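Comments concern the structure below.
Read the figures in this text as sums done on the coordinates, not as results from a lab. Fair warning: this is a prediction, and the values are worked out from it, not measured in the lab.
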Amino acid sequence: MGGADTLIDLVTSENPDAREGFAMLFSDQAFPGATIHMEWRRPELSGNTYWCEQFQMEGWLCPALLTYFRDPPTQIYVKVQPLA
């Protein structure tokens with residue numbers, strides 16, 4: 001199991017300029033252009049664990065997730081794009 005850093009490394013691996021910055025859009029609802037889908041699995045420590053089918057791995061998201069959502073969403077959709 002990895003954390004958000006591992007998931008970010010994987011999702012930005014095809015963007016050679018990712019070290020210069022990128023934009024990450026995420027929602028608990030599917031949206032056009034979303035390329036990553038994660039499903040909630042369980043609470044763990046002070047955060048939550050999600051399964052990402054695309055990478056065949058679990059990833060732990062820290063409590064900062066609740067800065068964006070009232071409760072941990074059952075689904076998270078993500079799109080990563082280069083900065084304009």
- Listed by chain and number, the residues whose amide H is under 5 Å from that of MET57, excluding neighbours fewer than 5 places away on the same chain and using placed H, are CYS52
- Item | 222 nm mean residue ellipticity, helices alone, for the chain (DSSP H n ≥ 4; -39,500 (n - 2.57); rounded to 500) | -2500 deg cm²/dmol
- Query: If amide H atoms are built 1.01 Å from N in the plane of the peptide, which residues on other chains or at least 5 residues away come under 5 Å of the amide H of ILE36?
  - Reply: VAL78
- List, in order, the whole-Hz ³J(HN,Hα) value for each residue of segment 29-40 obtained from phi through the Karplus relation with A = 6.51, B = -1.76, C = 1.60 and θ = phi - 60°; use x for Gly and Pro. 10, 4, 8, x, x, 5, 10, 10, 10, 10, 10, 5
- Built amide H within the under 5 Å cut-off of THR12, gap 5+: none
- Item | Interatomic Cα distance distribution for the chain, bins of 5 angstrom, percent | 3, 14, 26, 26, 19, 8, 2, 0
